[in-house]
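Have a look at the structure below before the remarks.
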Amino acid sequence: MKLPSDVAVDQSGRIFILDGTADTVRVYSPKGEQIFTLGGAGILKQPLGIDVSPGGDVVVADSGNHRLALFAAEEKTPHYIDVPSSVNGKPSDPTDVNFGPDNTYIVVDNDNHRVVSMNRSGKLLWSTGTMGRNPGEFRFPFLIDIDRLGRIYIVEAINTRVQVLESNGKFARFIGEWGIEPGQFFRPKGVVVNEKNEVFISDSYLGVVQVFKREGGLIGVVGDSNGKITKFKTPVGMAISGNRLYVVEMFNNRVLILERQGQ
Amino acid sequence: MRRLSPFSFILILAVTLFLPPAPNVQAAGNLTQNSARECAICHFRWIDQFLEGHGTALVGYEKEDVAGEEMICFSCHDGSTDDSRKKVWILDRHKTDMLPSDKVKIPKMFPLSQDGKVVCATCHSAHSVTTDTSIERTIFLRISNKDSIMCEMCHVDQAVQDKTNHPTHEGKRPIPKELYAVGAVPSATDTNFVICESCHTAHGSVERNLLFEVKKQSTLCTLCHPGEYDAPNAPVNKQVNHPLLVEFKQNPNVGGVKIQLGPNNNLECLSCHKVHQFPKGTKALVKNKESLCQLCHPDKADRSSAADWQKSNHPLYVKYKLDPASHVKLDGGTDNTVYCYTCHKVHQHEPGTKALAGQRDSLCATCHKGEYMVDKTDHDLSITAKDEINVLKQTIKQTGVCTACHIPHKATGPYLWARKVKDPASLSSPSKLCLTCHNDKGIAAKKTVGRFTHPVNVAMQKADQLKDPKTLPLYTKTDGNEVMECHTCHNPHRWDSQSSKKGKGINDEGTPFTSFLRKRSGTDSSLCASCHVEQYYVEGTDHDLTVTAPKENNIAKQTAGQSGVCSPCHVPHQASGPYLWARKFDTKPTSPSSLCLNCHVKKGPADKKTLGQNTHPVNVKIEDTYNLSLPLRKLSDGTSVMECHTCHDPHRWNSQLSKKGKGSNVEGTADNSFLRSANLEKPTLCAKCHLRKSFVTGTDHDMRVTAPTSLNKSGKMAKEESVCSPCHAVHNAPEKTLLWNYTLDDTGQDFIEKACNGCHAKNGAGKGKVISSGIHPKQFYFGYHKSYRNILLSIGPSPDPIPLYTKEGKKAVSGEITCSTCHDPHIWDANEDTAGSGKNIEGTVVNSFLRKGARNELCYACHGIKTLLLYRFYHNANEKKSILGISMPTADQVESDTQRQPAGEDKENNGVK
């Protein structure tokens, strides 16, 4: 794979890696054996974000085609859901998607600096955000995750923060800020929230993954058992399954799986 | 392009979370208050901590300004703001992180990194000009790249317009839409103009040299040059360009050039062409066009030192003269020289040909106009062997007339031979090519040359033997000798040498005027007379059958009037015998003289000129051939024998005249009659073999001196004939012995005496010298008991031997004494081997045709001291009586004795005791 961007893990432990430059989703067994692929040329066009539902459905944010591609569990032929253009007519740029509550999709529209919610039929339920720095505004939102309660965590690459929205799209808070100190971001890219509501946020230029409380307080930085910060090469999308953290190292063309020790 | 490492799969790391020391962080609010942050988004070095000189727990101290470096750019262009992953990082892109080569000149306005390398910021900046219409381009380029001017500022050599680069900033045709579709940028000046970005892109190329990928036609060049490329599915007979996208299976490093190949080692436009910095004067080629083709096609050029006609490929670099009327225009450069491209066109060549500049036959005919006259003749195999295939398994219908026999490359033999040859070494001469068809099993089996045919490989010994070598070409062998071959007489491409028209399109039966002869033959002497000049003196002579036997047919059932003066006796091919004999033989010829007797026989066309029973022998072995200027027949054992043609030149009536005959049937003399040397005044011909006998000329035995009106038995008068003829007849002689042609006298004891007495008789030509006495006894008596043989043996060999003769007149050591024992009738004075004075001279004992040594050796052996007187008075009976004291037997008595004893009987064994 070349320059993968995101990763998702289903309930059986299968790993879905989005090899977007090849327009392909590569599916691996928990042991790392490639099982099958989804998509391909003509189906996907340089997608960036992926999510897997508890039922095994796979949804891909296909930015090049301005749409979502839904691969029903164990199906290879997708169902497409167009992401609507912005109000000023600019085509959508869906860079990530998550299965939201109540059979919705929460979609990041990167070029239009907004987040939208759509039902399974593709109907726009709500849209929030314009380009800006204030709460409810975005500058290049990129990848997202949703916690157990439906709260939406959106990484803003240029605003160098994670903006948290309520499940209905209302602003809740920011996590992190501009800077290079712990708890700050220079190029935040990926976000994933675990069962404990710990929020893992990757920084592709600093090469670290920091962990925050849901409320925003810094818990720490991912490191090894010796207390040394683990440096990643361009960490981007992430996933969590059990006590394992899956980190896409885009520039290294790989996914690292880290297993948590202790609490 | 920087290569990304392949995917390496999942690592499992232990992870712990720890909290490093950190300032209190607050959730980001309105960020506009921190304007420096906006700069530091790219200018990482400008972050406060670094400016203060330290790093943080998350990142080490950054002392370099990395704003324009790759990872800063990638940190946004990874899809988080713009997705350039594929275009910039996976596909080909302008090189970065490298020192500029000496091929580029980078102006100062395009900054390099701290260590002098090209980085993204060399070309790009967030602080760019705003002149471009495209916002993306405006944002990130340092200056306007209108008409690709920015590219040209660094790539100066690639942009200079000195006819070593593809022209830019000009163009008459619109740039194809396909190029725009893959990212080409239109010229802002004129959308027809070609600019760098018409073909190149700084990011996103899949081809070398940052070229656009054009999947539809596989090659970029053909979008603008569609006529130079054939669609992959184009049928062969529609293709008009050199194949592209075919695998090149040779070593691409040839002739100092590395042939550029595309994916899968396929040929592409750039295999032959260079778009930039190509050699001046070429059409954007990697090498001059005179030798470019041979890089890949070395087997199509024959670099051997062989003569052009022997090369297996059409010669190159030779001058040619183009027929101005030809509709095929060849490219021979400025000096009309044959290059590959003279016959071939790489682009827009004749459909269905091997990249030829014209249809096969027309193309060949452009230079080989004369040779193309073969069209529709018997040598046009579409007429005579339409199903025949050449070595390339091509039929005439497929390839045309010329290719049936010649192929321009990889020929099987000389003259670019196109026919299958089992053993190339067998083609040792040009004529062997002809025989590949003209043999019993060949396609020209009906036109073979036969066993007896005009020879080839014949050295032309005399410089002027062939008077017009331009018309009748010879073949120069490796030893420098020039020999005639089939093509000396035949031009295989031209049916009628006098006609400028092609053939009739039918299988035509040839005549001496056609048949691919270089000159007319038969009734026209042009061809044969070119070599056989002297043989043509036969015209108008008695051997010209239009004169002497006009109704006579040769083996081709043609008369001399129909097929020419040579034809009654000779045909060039399928002759009946040696000398290309043109007449039927009743019996197998055994010698050249057999040919003469083919006519000079009873009921033959020359039955009035037969030889008779008694004729000069042929097949006679000649010992001394060195001084003999007459032709002989050499036998297989190395010896030589005389034949009719030794004395006769059947083609020349008079050896003294270099001209033809009078055209009438003329009775010959000793000066003509096809004799190789005039024999009338002096016996120059006979003398070539019978030299000493020719000394009779002018002596008393030259009847023209002593009896000019005497007649021989043929009724010929001495004064009108040669010196020999009063006594001898070469043909039709009355006597076999000595071919005697004068009256024999009955009084002689043997043939010699009869012959001598025939003349030395009362009514004979030698009536003034009648012998009254002197017949030597045949029997031994008077006590002489020695045999002649022993006497002769005791004398030993001598240059002037003393001969004995049989009764029949033949020399034999067992013979007897007769007239010729003491007299040599041809030598007047044995001490002087010369001809006579031409006057009738009274002889003495030292001349009078007496042999040298007869007296001192032969006579003395028996007669001792009496010899002197006996010799002196040999023919005086009275004197001899007084000398010997006995009466000598008369001639009648001797004759009587001879009849009682068989002639030639060995006296030694039967001698009287």
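The values are calculated or read from the model by the stated rules, or taken from the named source; none is laboratory data. Fair warning: this is a prediction, and the values are worked out from it, not measured in the lab. Cβ placement follows ideal geometry from the backbone for every residue including glycine, while neighbour counts extend to all protein chains displayed.
Some points to look at:
- Condition met for B:T342 (of a type in the set (S, T, Y) and assigned to a loop (DSSP other than H, G, I, E, B)): no
- Against the conditions (1) touching a residue at least 60 places away in the same chain (Cβ under 8 Å); (2) of a type in the set (K, R); (3) closer than 23 Å to B:I555 by Cα, B:K660 satisfies every one except (3).
- Leading residue by the ranking (surrounded by the most Cβ atoms within 10 Å (Cβ to Cβ)) among those in segment B:695-720 that are among the hydroxyl-bearing types (S, T, Y) and farther than 23 Å from B:L611 by Cα: B:T699
The rows are residues; the columns are (1) among the small types (G, A, S); (2) under 30 Å from A:W126 (Cα atoms).
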| position | (1), (2) |
| --- | --- |
| A:F171 | no, yes |
| A:F174 | no, yes |
| A:G183 | yes, no |
| A:V191 | no, yes |
| A:N197 | no, yes |
| A:S202 | yes, yes |
| A:L206 | no, no |
| A:K213 | no, yes |
| A:L218 | no, no |
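- Being at pLDDT 95 or above, more than 11 Å from chain B (Cβ to nearest Cβ) and part of a strand (DSSP E or B) is a property that holds for A:A69.
- Criterion: among the β-branched types (V, I, T), free of Cβ contacts under 8 Å to residues at least 60 places away in the same chain, crowded, with 22+ Cβ neighbours inside 10 Å and within 12 Å of another protein chain (Cβ to nearest Cβ) - qualifying residue of A:I152, A:I158: A:I158
- Against the test of being among the charged types (D, E, K, R), surrounded by 15 or more Cβ atoms within 10 Å (Cβ to Cβ) and under 23 Å from B:G204 (Cβ atoms), the options A:D51, A:D57, A:D93 yield a single qualifying residue, A:D93.
- Boolean, B:I10 is within 8 Å of another protein chain (Cβ to nearest Cβ) and at pLDDT 80 or above: no
- Whether a residue is at pLDDT below 90, closer than 23 Å to B:H648 by Cβ and buried (at least 17 other Cβ atoms within 10 Å of the Cβ) was assessed, and B:V723 does not pass this test.
- Test: residue in segment A:107-121 that is farther than 18 Å from A:V83 by Cα, assigned to a loop (DSSP other than H, G, I, E, B) and more than 9 Å from chain B (Cβ to nearest Cβ): no
- Single match in B:L363, B:L356, B:L330 (criterion: at pLDDT below 85, within 21 Å of B:D302 (Cβ to Cβ) and surrounded by 16 or more Cβ atoms within 10 Å (Cβ to Cβ)): B:L330
- Test: residue in segment A:127-138 that is surrounded by fewer than 15 Cβ atoms within 10 Å (Cβ to Cβ), over 19 Å from B:D82 (Cα atoms) and either within 17 Å of the chain's Cα centre (by Cα) or among the acidic types (D, E) (or both): no
- When the residues of segment B:490-529 are filtered to those that are touching a Lys or Arg at 6+ places or on another chain (Cβ under 6 Å) and not basic (K, R), the one that is surrounded by the fewest Cβ atoms within 10 Å (Cβ to Cβ) is B:G505.
- Within segment B:158-196, being closer than 19 Å to B:T222 by Cβ, within 55 Å of the chain's Cα centre (by Cα) and among the charged types (D, E, K, R) holds for B:K172, B:R173.
- Residues satisfying the stated conditions in segment B:305-336, i.e. within 20 Å of B:K477 (Cα to Cα) and among the small types (G, A, S): B:S305, B:A306, B:A307, B:S312
- Only listed residue being modelled with pLDDT of 85 or more, of a type outside the set (D, E, K, R) and crowded, with 21+ Cβ neighbours inside 10 Å, chosen from B:A184, B:A188, B:A234: B:A184
- Segment B:725-771: number of residues that are small (G, A, S) and closer than 30 Å to B:L597 by Cα: 3
- Test: residue in segment B:54-69 that is without any contact (Cβ under 8 Å) to a residue 12 or more places away in the chain, away from chain A (no Cβ under 14 Å) and not aliphatic (A, V, I, L, M): no
- Taking the criterion of being small (G, A, S) and out of contact with any Leu (no Cβ under 9 Å at 6 or more places or on another chain), the residues of segment B:587-623 that qualify are B:S591, B:S593, B:S594, B:A606, B:G612.
- Residue identified as of a type in the set (S, T, N, Q), at pLDDT below 95, in a loop (DSSP other than H, G, I, E, B) and over 21 Å from B:S591 (Cβ atoms) among B:S629, B:S664, B:S636: B:S664
- Listing of strands (runs of 3 or more DSSP E) fully contained in segment A:170-260 that carry 1 or more residues being small (G, A, S), facing chain B (nearest Cβ under 9 Å) and surrounded by fewer than 24 Cβ atoms within 10 Å (Cβ to Cβ): A:218-223
- Check on B:I47, at the interface with chain A (Cβ under 7 Å from one of its Cβ atoms) and at pLDDT 90 or above: yes
- Residues of segment A:19-33 satisfying the condition of being surrounded by 21 or more Cβ atoms within 10 Å (Cβ to Cβ), touching a Gly at 6+ places or on another chain (Cβ under 7 Å) and within 11 Å of chain B (Cβ to nearest Cβ): A:D23
- Scanning segment A:168-207 for residues that are farther than 25 Å from B:D83 by Cβ and among the charged types (D, E, K, R) gives A:K170, A:R173, A:E177, A:E181, A:E195, A:K196, A:E198.
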